[in-house]
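The values are calculated or read from the model by the stated rules, or taken from the named source; none is laboratory data. As the structure is a computational prediction, the values presented were derived from the model and not from experiment. Glycine gets a Cβ as well: all are built from the backbone with ideal geometry, and neighbour counts include every protein chain shown. Accessible surface areas use protein heavy atoms only, side chains included; no ligands, DNA or RNA. Shrake-Rupley method; radii C 1.70, N 1.55, O 1.52, S 1.80 Å.
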Amino acid sequence: DRTEPAVLVLLQFNALKSSSSGSNVITVTEPGHGRSTGDTVRFRDVEAFDGFTETVLEVDTGRTITKVDDDNYTFTASSGTATVGNIRGGGGVASAGPVTLSA
């Protein structure tokens, strides 16, 4: 058996999307992510958007996700809510990966 090493995945441009105004749920688009509900994902180099700060999005302990489908999952921000709602953001160099990687 071979185990694939844990790696960072560069997300597509503005891969994050806020839910409705006042919600703290964020959807992440990561085609073919292979993740499961309950996995912990740490986001790095994410730009603030729609009421969510970099600090909230890039928490060191990661975020527990809920799988929506093979290309999308959601997580709940610990603070902040969508100002406008249904806004894409996150920037062009954001990545997702395990908490254990240093970066």
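What do you reckon, is Gly32 surrounded by fewer than 16 Cβ atoms within 10 Å (Cβ to Cβ), farther than 18 Å from Thr100 by Cα and over 11 Å from the mean Cα position of the chain (by Cα)?
yes
Which one of these does Arg42 not meet: (1) surrounded by fewer than 16 Cβ atoms within 10 Å (Cβ to Cβ); (2) charged (D, E, K, R); (3) under 11 Å from the mean Cα position of the chain (by Cα)?
(1) is the only condition that Arg42 fails.
So how many residues does the range 45-84 have that are within 21 Å of Gly32 (Cβ to Cβ) and either open to solvent by less than 40 Å² (accessible area, probe 1.4 Å) or touching a His at 6+ places or on another chain (Cβ under 9 Å) (or both)?
Summing the residues that are within 21 Å of Gly32 (Cβ to Cβ) and either open to solvent by less than 40 Å² (accessible area, probe 1.4 Å) or touching a His at 6+ places or on another chain (Cβ under 9 Å) (or both) in the range 45-84 gives 11.
Do we have Gly89 as buried (at least 17 other Cβ atoms within 10 Å of the Cβ), more than 10 Å from the chain's Cα centre (by Cα) and not hydrophobic (A, V, I, L, M, F, W, C) here?
It is true that Gly89 is buried (at least 17 other Cβ atoms within 10 Å of the Cβ), more than 10 Å from the chain's Cα centre (by Cα) and not hydrophobic (A, V, I, L, M, F, W, C).
If a residue must be part of a strand (DSSP E or B) and closer than 14 Å to Thr40 by Cβ, how many such residues does the range 56-103 contain?
10
Give the residues of the range 1-29 that are among the hydrophobic types (A, V, I, L, M, F, W, C), farther than 13 Å from Asn86 by Cβ and open to solvent by 40 Å² or more (accessible area, probe 1.4 Å), sorted by residue number.
Hits for the range 1-29 are Ala6, Val7, Leu8, Val9, Leu10, Phe13.
Inspect the range 92-102 for any residue being of a type outside the set (A, V, I, L, M, F, W, C) and surrounded by 15 or more Cβ atoms within 10 Å (Cβ to Cβ) and give the result as yes or no.
So far as the range 92-102 goes, yes, one or more of its residues are of a type outside the set (A, V, I, L, M, F, W, C) and surrounded by 15 or more Cβ atoms within 10 Å (Cβ to Cβ).
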